[in-house]
Structure formats: structure tokens, C-alpha cells
């Protein structure tokens, strides 16, 4: 399946290679570099490339290309999904997934890759199993290791792979038993010039942080499960129970994990928390333009909108901006032509406004399209769909855990066309 | 480029070049920086005694490997540490070994013994990792060692080790493809494994080594379906993809009837945008017709097909995009049309994922939308484009939107497109214009609107936009040119400004083609073009020549000179295409005396009505690739791609399904149990291979489970039952024994048994009851009541019960059924009696096989007492109660016809060298079966078959018996043939247990000893054994041995010894068997036989009979 993996940084240096079958020369990456050159934007590089002898499947995340070389037919999503899993694992182990961190921990990275694939076929991808085999680094341990010459490879052999609950290891112990669930909803929307909703939907995830002793069996039930239209689960969730009773029944993995993601049924009207009044215009003659944006609350269910932020990808012709904001700060990146207005909390009494002029490259034609606005926001303690967790029960263990549920609404891909 | 060349340099001299690069690399951490000098210090560190130093050295070496630096010269120093106690050092050494072993084969061999030791370690994880590394070392010399290791690991107790073995299979295969056959054996064994851990890996191995051996899946199909949800996600993907292919070969197209209906109603036409799809429909129809001709009944989905669909559906909820996609493609390729819709939602969900995932999913959605548009229509808005999407995603979304467009939603879509046209991303704008063009061609109502919109775009400031519009307009105009002369005029004006060659060429072509609509403008355009001819691009030049030619033909007055001018210019053009074209056209249009008949038709040639181009999706017809595959994405066959087979036209041959449907999922566990009973002895008798598989599996129920699609909770109870079943079998035999005992010396106290026997059964068999009453036994077992009947019958009666259960569910005719069943039994008995009369005309005092245990055991007993003489022909002492029936054709696979066979142990009259095989036919179906006969006999060389006479009619619910003769040539090879009815053919095979390949031979003790003396050495096989508790007396032994093999007892003075003799059927070689009993159930079995193979097999069988 996956023959080789190359990690390539933003500027096109291969800084790590790993082969699971016979060695494939790194010159195979030249085809990729060619495509990358052509694509201009790293996001535009086709994920699947065909070369005379290999197929190259790549992903781009955190400014790193994960490029895999493949020789035979394999479902492309299989590889893509796996590469992302590799990225997730790095994130999980090192707290970030960047070139520096990978270089610093190159041995652990190599050991991880060795465990994750065998002959190109995924072997152990569950973080719990991996962590038992290869301990993640931390400062204390690395100090101790340098003093004692110890290692980060587990001395005990893992059991997870062999248990029938592969995502949870046996013998977990905590003094404080706690289980927290975050219900996070994102609004994906496209609003047109006049503020009408072209398209809107709500996507949600339930992130869990479970630190419980032993082998607890949890049941999470909702007040209004009918809201959930399309769901996907962590493998631990028993699908049959969901089908019949609409409750989530599961033996949780240890630590942080995504329990489920869902989509709210499209019949429900999506509440749009803010409205945007904007006026962006470029003058035909002369090299300048105007910009005026005001944001106000719309359907916020009585909560305050926080972390409000507007991002505008300006046309290439815009040289500088001269703007004043009544609230928050704004920055304009000259290289990428991105205007970011960080507003913060939305005050309904005094609506934030950003206005001013844009100076254009002299002689350039008037941009045809006004740039669309991407809105970012957060509303604490609210699930915009109205989803509510009714209770969490635990079976199989005697102690009483500490339980908590938090709600959060965010803007997902929230775009206002102008 | 620069990096790779740098790399190449480094490879040459790793030590010298490495340093400067690190010097200015600020990112490199501790490992990279200072201590990367010479390899000498690393060697020193590796040779030291301190683990910490070794570890440090190994870490640095691994870091080198990771960076792609050459560290191969350290091989000898590293390989020494392979046996290091420190786990981490060891691990890193493994990493190094796997990387460089291929380059340093000889040195790599030094490490092999360590792994071989590791393979024997009590810790499963060490065994597994040893196998993993051993199999990853790509050194050809160790292929045999790897093979051995894999074989051993495949029967390891630990599923984790077995998983590793499955992983090792493709590794070995890629190293040495000649091992394929052996590897397939291992795969077959591992496929039977019931643990979820192994399932995914072994299917992966199957796909890489022998994807064409679809027959290996038959037996495991249901198990895989049922385990699927618990398999790890990567395995799920592989299994689902494989099962898709499998189902395509085994089941019927579920949409057959629908396509028929569609044609009848004609209402679904708009589902299919283009003609070709309709063709395909017609094809389908033809197929459908063929099928209906054959079957004349509505399509019923195979329960197995349904099982697959049902069990994969929950996986649409998986968090893994690859799994969701796999299920989606399975549904797309296999599900009835009405059910495919469920995948849309899941696929739309994936669009929220990473952009790479979106890219792949959209490609597949684009293909699906062409075939099944309705499915995605509700999700139209999910494909709306955001300005932040990468271009490739935008273009794919556009493709999907275009495919989804229809009369009802076109206005919304066009409004959306309008916003896209303003985008800053010009490639995307061009694609949008193309999309508008496609909408316009597909949906007549909006053609004018689109055209107007596009014409407006002609005044766009961006040249690319204009050019693209021109190209699209050209295509649209071709559909109805007469209406649009204004547009053509407008475009003619554009030639002054527009520079994009493709657009210029398009305009010129338009003017030339429709010069009659713009008679004034056209010559003027030509004039301008002639002026600029030399500066134009080739494609434009060609169109100028074209235009000139067309004008010359229609309006030669005005353009004659111009045309000649253009042609002269073209004559001296640098491009030979243009020169050729000019020469060609000149000959064609300018009449000279030389020019032939063609020039007369020049006008027809040039100004013929041209069909409008069809604007097609690039995703059309991509669905002949399996969706979700790499090949589909690239629209080209990737290496190792397995073609998705077409649906079979008719249900696959039932005899193939025979293997595939060893059990009926829906049947109750009792029926399962019955089937196992039949199969178990069958396999253990005949197939050494499968026998090994069973015994290798340590789990108690694996033998039964390997064939069953046994599912979770039921498997436990099931295995219990099967145990019970086998116990009861044994008890049956014990009963026989006790009966015998009673009859001869009456050792045991008589007990009346009727009272304890379960009453219902006896009601059903009143006549037997009376017989039974003669015999008495300690009937503590419930199975007693059945024990007197021949085994085949007892199975039948068991069989009837699940049958009844089924009936209860389905049809109301339960009592009637019962009645016929009863009749069957009676008749069967009579029939077989009759039959024997027919075939055994010899008046000798034969004991017919069905004549029950009574006389038979009497005979054996008499023999035991040495009372027998020639009056009782030894040939007739076949212990009929032990006549085993084997299944030839299951009633489900045979569509109601069930066939069993047994070896009657009668001489086959027409040919003494043949073994007589008695075949019982039972027609369980509701219709008559006609002209039962056999055909197409396939035999190993030397074998012969005497076919049974054709049975002309077998009415519903009736049974019949026939006798056929097979000369097996003294071997246990199978006789394969087709069993034909008037409608169907079934592939069946008969394989004899070795004990049936001989016939009894009567001799005295002295003769026996003499013959035995001559068959010593190689011809004698002796085996020690402990007799089973139940057969520690002489009678039991006699019983067991004569059951296992068709031998006669030789009188013997000692009561410690039992002797048997026989001759093989074909070559009349002597077979002598001696069982000498000792204390405590110990015994010694001796077989003397000229044919050593037969001897060895016979020993095995008799041992089995005596010890169990």
C-alpha cells in the first residue's frame, strides 16, 4: 500500500523520509515539486499525482507536505486519511505538528512511523496503543533520561492491541475521576450582499475529556436527539443502541477524544447570530476605494458574541489600507493582502464599525469582485441548534465521577458576499 | 531540484558533505548539530558496553536514516547489537536492519538466528515483532525461513501473531512470487480465522497475493460480513472493497426489474441526460429479459446480498472518511436504486473534512451525480462554492452543480454561477463559463438566457473571460445559428481586440460556417485577417484558410483574390500542417483541368451541416472503475487494480454457491448442527488440508465456526449443541453396542426403555417403536429414540424441524408439510428396499444395508465367535447401521432437490472393479423434477464411472434411489460430475473415504499370518493408541473397524487380538488389519498393505475411529 513517506517543508526541502518497502529514491518528489511550482498556492497542489512509476498522494497541513509514494492501486482516501492520522499523532505527542518539532524528536517520529505501518498497511493507529509502546516526550522525562540514559520506549509491552477494547488500555487509575463533554457547534453559512441567507447549516462535535478509573461504561443521552440528522461516531460508540434508543453508549478511550460529530437536520432554520452591513467600493477613476463595515447582533439567544473577527482577502491591486475602527484592532498583511479586524466582544449598544479608504496600485484596473468577508465568532454556553445533554450515567465502576457539559457555538465557514 | 541534487552528492561521501549543511541549519536540534562527524565514533559507541552509549549512537544513526543520509557502512557495527538486551536499542537496530538489509544481504544473515529465537519466545509480542522484522528483511536467501515462520505463526495461539503473519504474506510474495501457492494455503487458513484482529490483515494479503481466487471467500463470506463492524477501520476499507467485487460475481443485479419498469413507464428518462445511458439501460433490459426468460419470476434479493448491505450501512457513520467512501461505493455498485440514497448524506458530511478528502469525495460525487442525480439534489446547496476554497475544489463543485442542474433548480444554479463569474480566480471563472454552456445545452429552456448572459460577458475586461465565452458561445450557436446572426456580427467585431488564439479561431470558424447569415461582414473579416496572417498563431491560421475557402465557395466574386493571397502566404508558412492544408484546399476549391471529381463537391464538403457538439461531463462513464479507487480518480487503470466485474446474467451456478452457502444464515442453529455433522466427518476423512486447519485452531468451536457465518452470541450455544450432537452420536453407537451385548451373552440387565423415551418421536414412528421394544438399553439419553434408524434418516428427521420453523414464518402449510415428510420417510425405506432387489438379483442370503442393525450386528457377533462360514458370504457383512451418508447436494443449493450418497458396500455387479455408490434423491420442492441424470464426468486418469440410469420423473416430495459404480483406481481422488435435472445443472463431487476402496476378503487365521509375513517392512505400519473408553471391548472394536473400512473379520484364537482382511477393489491388493489390545485400553494397530498410501490413510482412519 503506502511504500514511502516524505515530509517536505514549505520551501521544498525534504526533511524526513521513511520507507516501508524497498527504498524509493527521493528524486520521485521532483514530480511533486513541479506540480507545486505550477499550483502557486500550496493548497492547490492536486492531492493525487501520477508519475511514470509511482503515484504520489499528498496532504498539506501545518505548512508541511506529507507526501506518500505508492506503487499499486489503493483507495486514495485510505492514504489521505492515514496521513492525517499521522499528523494527528504528531500533534498528540508533541503538542504541535511543525518542522522544528519533528526534527527535534526525529527518533520518536521514526519509531512512531515504524509502528503505525507495517509493509505499508496500517498496524497501530490508536493513540492509546501507540502511547503504550512509545512514550510521548515531556520535559521531566527528557531530563531524567539524559541523566540516567533511560529511554522513551515503554518497557512493558502494550496490552491494548490485544484487548477487545482496542481504544482503551486496562488498568487506568485516577485519584480524581472526571468526565467532561464539550458540545461545540459551528455555523456554516453563506450570506449574500443583502444579508439573505444563501446557505446555512450547523455542524457539531462533542469533544470529550474522560479521566476515569477502570473500565467505565458510559451512557450519554440528549433532551432532543431528534435534532441530530447525520452523525458519525468514535468507534467506541455502540451503534445499535443509538439506532434503537438514541443514546450514546460507550466505553470511553482514556483522555481527550472526539466522541461524535453531527449535523443538525436541514429542516430547522439556522439562527444567524450577527448581521453585517458593509459597503466596499472601488472607484473607477483614481486609485482608491472605500470600505465601511458594521456588525450587529441578530439572533444571539440573549448571549454575548465574543471573539468576533472579520477577515477579508483583498484583491491583489490593493496596496495599503487607511482605516479606523471604533472597536478592536485591525491589521493588513501587505504580502498576502489579508485584512484582519479583531473586534472582540460585541456590544449591542455600540456597534463596532470599521471604515476608511483603500489605496490601489496606480494604473491597475478596477477589481471586478468585491472581496467577501469571513466572520469568526464565539458564543459561550450556547448550542445554537438547541441541543441539550440530559444526563450522563456510568456503569461498571463503583465510584462517583465528576461530570460536566459545556456548550459553545462558533462560526465555521461563515462567509458574507459583497 | 536543488535538494535532490544535493542529496545525490551526499550519497557519495556522506561524511564529508554532511557537516557544512548542518552548520548553517538553525533548526537542527541536538541530534543533528555538533556530533555528526565521522562514523568512527559511532562505531566506537556501538562497540562499547554501555547501553546508554549504544542508544545514543543508534539514535544518531536513525536520525541520519530519517534525513536520507547513507549510513550503510555502519552495518557490521550495528548488526552486532541485534541481540542487545535493551529494548530501545534493539528497536532502533531493527529499524536500521530493515532499512539496509537489502543492500547488505550477507551481513544481514547474521541477524537471522536472533529472530528465529524470537519466534519461539513465550511472549506473543516478541514473537510478533520477530516475525515482523524477519519478514521485512528483503533478502532472498531467507525465503524458506520466512515461509516456515509464516506457516508457524499462522497457527499461533495469539491472534496478534496471526495478524503479523498475515502482514508478512505480501512481503514474502513481493520478494518471491513463486511462493504464491504455499502462501495461498496460509491465506486460506487465516481467512477462516474468527478474530477481528486478523480479518482485515488477511483480506489485505488476499488482495495482494491472490485477488482472483474469489472461491476462497465463499466459506468466509458471512463471517466477514458479520465481523465487519468490529474490525479496525483500515481493515474495514479493504474488506468492503473486496466484498464489493465478490458480490458482483455472486449475486444478481438488484436493479434488473426496475430498469424494465422504467422502460415500460418511460417516465424516468430525464434521469439520464445522454443517449449512451439509455443504451446502457437497453443493455440492462436485454439482460433482464434473459433472466426473466429463464426464471419467470420477480427478482428476489439473495439473503447474502442483503446481509452485506445491512451490515455495511452502519459504517457510513464511521469517523474515517475512507470507510465512509468504501461503504458509499459499495452501495453505489450493489444496492437497489431505491436504497442508494442513504449514502448521499454521509458523503456530503465528508465535504466538511480536510481539503484533500473533499477533493477525492467530490470526484466520486461527480461520477455518481451523472448516474443518479436525484440522490444529491436535496444537498445542492452543500456544493455552493466559497471564495476561500482551493481552485481544484471549486472546479469540482462546479462540476457537481452542473450535473445536478435540471429544469426546476436551474434558475438558482444560474444565479449562483453569476456570482462566481466575478471571482478573482480566473481559472475558476473560465470553468464557470464552461459550466453555463453545459447547462444551456442540457436544458433547452434556459438556452437563450444563458446565451444572453454569455454575450454580456464578451464585454468583460478580462480577456480570458471573453475568450472562454467566445468558445462556449460558438458551441451554443451551432445548435440554432439562424436565430443569432446579431451575435455573430457582434463577435466579428471582437476580432479587432481579442488576442487569445482559441477565441480568435472560434470566431473565424463561426463566421466561415455561417457566412451566409453575415454576407457583408465576412469578406471584410477575411481582409483583416489576410493582413495579419503572418503574425497569427497556427490554430488561427488554419481557421483563416478555412474561412477563405468557405467564402470562396459562396462568394467568389469578392474574395477570390483574398483567398489566393491567403493560400499563397500559407504555402510558404513554416508549419507543415498549414502548408499541407493550403495545398489541399487549393486543389479542392480552385478548379483546374487536373482537379478531379472532388472539386465538384467542394461546397458540400465544406459547408455540410455539422452536428452541434455535445458538451459532456469529463466524469461521464467513469463509473466503470470502482468508485473510490485510485484508478477512478485518475481515470486510468492503476497497477494492481482489480476490475469490477459485471453482474452475472443469471444467478451464478448453484454448485459454486454450494461452497459459498455452507449454511443458511436464517436457519436455526439446529440445522447448522445437522450440517456440521455431515461436513465434519467428510472433511476429516478426505481432505488432509482442511483437517489440519481445524486441528490447528485451538479454539474449541473453531472447527465448526470456520464454515459457519457464526455470529456473536449464537456461536457459543451453537458449539455446545454441536458437542451435544456428537455426543449423541457416540451414544447411538453405544446403544448399538449394548444391543449387541444383549443379544449375544446378555451381560447387562434388561430394562424396558419405551417409558423413558420421548413420546412424540415415537408417535411419529410407530412401526419402529415396536422394533425398538425388542431391543433394550439403558436409554438415559434422549437421542435414543433415533438411534435405531439409519443415520441418514436421523439427520432427516432433525432436518425437518428447522424446515418446519421456517414454514411457520412463511407459509401456513405446516401440518401438510409434516405429513409429506413422514411419507417421505416411509417411502424412502421402501424404495431402497425395492432398489436393492432390482440391482441385487443374486439370491444369496444378503443382508440389505437398510435392513437395520439387528441382523447385521448379529452377523458380526457370530463372526466374532468364529461361527461364520461360507454360507454367510463375507461380502455381505456390511454394518449397515454404520453406513455413513454424505451430502452430494444440499436442498437449498439444489433448489429443493437434495441428494445424498452412501457406499453400500455391495459388489457392483456390472463391473467388479467398481465401488458401488448408492445415491438417494429427495425432492423437497413443490414441483416435479424430471430427467435426473449425470453429465460431464471429470475424472483423474484411470478412473471410470458407470452412470446410474436416468430417473425420468421425481415427483414433488418423493424420494428415489439409484446405484452408480465408480472405479477410484484405489485412490481417494474425487469424481466430479454434473447432476442434471430438466432445468438445472449442479456440479457435484464424490470422494471416497479410504475404507470404502476395499472389499472384505475371507481367510483363515493361518492364511492371514502367512500373508502378513509377506507384507512386512515398508508395507507394515504400526501405531500405538489408547482406546476410547467406550470401545474397549472386542465388539466395539470390531464395530468401529468395520465401520471405518469395508473389511471382514478373520477368526482368531486369542481374545486380545482382532484381525480383519480385505482386498482393494481395483487392484485386489491385500489389506490386513490387526488390533492387539493390552491393559488399560492401550492397543496396537497394525496394517499390512501392498499399497503403502492406502495403508497409511487407513491407519489414520481406523485410529480416528478407535480413539474417538
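Within the stretch B:1064-1079, track down each residue that is surrounded by fewer than 18 Cβ atoms within 10 Å (Cβ to Cβ) and either under 48 Å from the mean Cα position of the chain (by Cα) or not in a loop (DSSP other than H, G, I, E, B) (or both).
Across the stretch B:1064-1079, the qualifying residues are B:1067, B:1068, B:1076, B:1079.
Is at least one residue of the stretch B:972-980 closer than 30 Å to residue B:1051 by Cα, surrounded by fewer than 21 Cβ atoms within 10 Å (Cβ to Cβ), outside the structural domain of residue B:889 (by the TED database) and in contact with a helix residue (DSSP H, G or I) (Cβ under 7 Å, 6 or more places away or on another chain)?
No, the stretch B:972-980 contains no residue that is closer than 30 Å to residue B:1051 by Cα, surrounded by fewer than 21 Cβ atoms within 10 Å (Cβ to Cβ), outside the structural domain of residue B:889 (by the TED database) and in contact with a helix residue (DSSP H, G or I) (Cβ under 7 Å, 6 or more places away or on another chain).
Criterion first (assigned to a strand (DSSP E or B) and under 27 Å from residue B:914 (Cβ atoms)) does residue B:1041 satisfy it?
No: the conditions fail for residue B:1041.
Read through the list (1) surrounded by fewer than 19 Cβ atoms within 10 Å (Cβ to Cβ); (2) closer than 25 Å to residue B:394 by Cβ; (3) in contact with a helix residue (DSSP H, G or I) (Cβ under 6 Å, 6 or more places away or on another chain), then give the number of the only condition that residue B:463 fails.
Exception for residue B:463: condition (3).
State whether the residues of the stretch B:1000-1013 include one that is assigned to a strand (DSSP E or B) and assigned by the TED database to the domain that holds residue B:1064.
yes
Which number in (1) in a helix (DSSP H, G or I); (2) within 53 Å of the chain's Cα centre (by Cα); (3) loosely packed, with under 13 Cβ neighbours inside 10 Å marks the one condition that residue B:609 misses?
Looking at each condition in turn, residue B:609 falls short on (1).
Suppose we keep only residues that are surrounded by 19 or more Cβ atoms within 10 Å (Cβ to Cβ) and in a loop (DSSP other than H, G, I, E, B) within the stretch B:156-194. Which one would you say is farthest from the other protein chains (Cβ to nearest Cβ)?
B:192
Taking the options B:303, B:314, B:298, name whichever one is touching a helix residue (DSSP H, G or I) at 6+ places or on another chain (Cβ under 8 Å) and modelled with pLDDT under 85.
B:298
Answer yes or no as to whether residue B:412 is modelled with pLDDT of 85 or more, touching a helix residue (DSSP H, G or I) at 6+ places or on another chain (Cβ under 9 Å) and buried (at least 20 other Cβ atoms within 10 Å of the Cβ).
In short, no.
Which of (1) touching a helix residue (DSSP H, G or I) at 6+ places or on another chain (Cβ under 7 Å); (2) part of a helix (DSSP H, G or I); (3) at pLDDT 85 or above does residue B:455 not meet, given it meets every other one?
Answer for residue B:455: the failing condition is (3).
Would you point out which residue out of B:207, B:185 is in contact with a helix residue (DSSP H, G or I) (Cβ under 8 Å, 6 or more places away or on another chain), in contact (Cβ under 8 Å) with a residue 40 or more places away in the chain and more than 26 Å from residue A:166 (Cα to Cα)?
Going through B:207, B:185 in turn, the sole match is B:185.
Does the stretch B:108-123 contain any residue that is within 11 Å of chain A (Cβ to nearest Cβ), crowded, with 18+ Cβ neighbours inside 10 Å, in contact with a helix residue (DSSP H, G or I) (Cβ under 9 Å, 6 or more places away or on another chain) and in a helix (DSSP H, G or I)?
no
So which residues in the stretch B:188-205 are within 13 Å of the chain's Cα centre (by Cα) and over 20 Å from residue A:124 (Cα atoms)?
B:188, B:191
From B:88, B:56, which residue is assigned by the TED database to the domain that holds residue B:173, more than 24 Å from residue A:6 (Cβ to Cβ) and touching a strand residue (DSSP E or B) at 6+ places or on another chain (Cβ under 8 Å)?
B:88
For residues that are at the interface with another protein chain (Cβ under 10 Å from one of its Cβ atoms) and over 19 Å from residue A:394 (Cα atoms), tally how many sit in the stretch A:234-248.
Within the stretch A:234-248, residues that are at the interface with another protein chain (Cβ under 10 Å from one of its Cβ atoms) and over 19 Å from residue A:394 (Cα atoms) number 1.
Any idea which of (1) under 17 Å from residue B:900 (Cα atoms); (2) touching a residue at least 40 places away in the same chain (Cβ under 8 Å) is the one residue B:995 doesn't satisfy?
Just one mismatch for residue B:995, condition (1).
Identify the residue in the stretch B:870-881 that is buried (at least 20 other Cβ atoms within 10 Å of the Cβ) and outside any loop (DSSP other than H, G, I, E, B) and, among all such residues, is modelled with the highest pLDDT.
B:881
Based on what the data block shows, is residue A:305 within 14 Å of chain B (Cβ to nearest Cβ), touching a strand residue (DSSP E or B) at 6+ places or on another chain (Cβ under 6 Å), crowded, with 18+ Cβ neighbours inside 10 Å and modelled with pLDDT of 85 or more?
No: the conditions fail for residue A:305.
Look through the stretch B:46-59, keep the residues that are without any contact (Cβ under 8 Å) to a residue 24 or more places away in the chain and in a helix (DSSP H, G or I), and return whichever of them is farthest from the other protein chains (Cβ to nearest Cβ).
Filtering the stretch B:46-59 for residues that are without any contact (Cβ under 8 Å) to a residue 24 or more places away in the chain and in a helix (DSSP H, G or I), the one farthest from the other protein chains (Cβ to nearest Cβ) comes out as B:57.
Looking at B:62, B:79, B:93, B:89 in this structure, which one is crowded, with 20+ Cβ neighbours inside 10 Å, in contact with a helix residue (DSSP H, G or I) (Cβ under 6 Å, 6 or more places away or on another chain), more than 9 Å from chain A (Cβ to nearest Cβ) and within 19 Å of residue A:113 (Cβ to Cβ)?
On inspection, the qualifying residue turns out to be B:93.
Answer yes or no as to whether residue A:6 is more than 22 Å from residue B:138 (Cβ to Cβ) and either facing another protein chain (nearest Cβ under 7 Å) or in contact (Cβ under 8 Å) with a residue 60 or more places away in the chain (or both).
Judged against the criteria, residue A:6 is not a match.
The values are calculated or read from the model by the stated rules, or taken from the named source; none is laboratory data. What you see is a predicted model, and the numbers here were worked out from it, not measured in a lab. Reconstructed Cβ throughout: ideal geometry from the backbone, glycine too, with neighbour counts over all protein chains shown.
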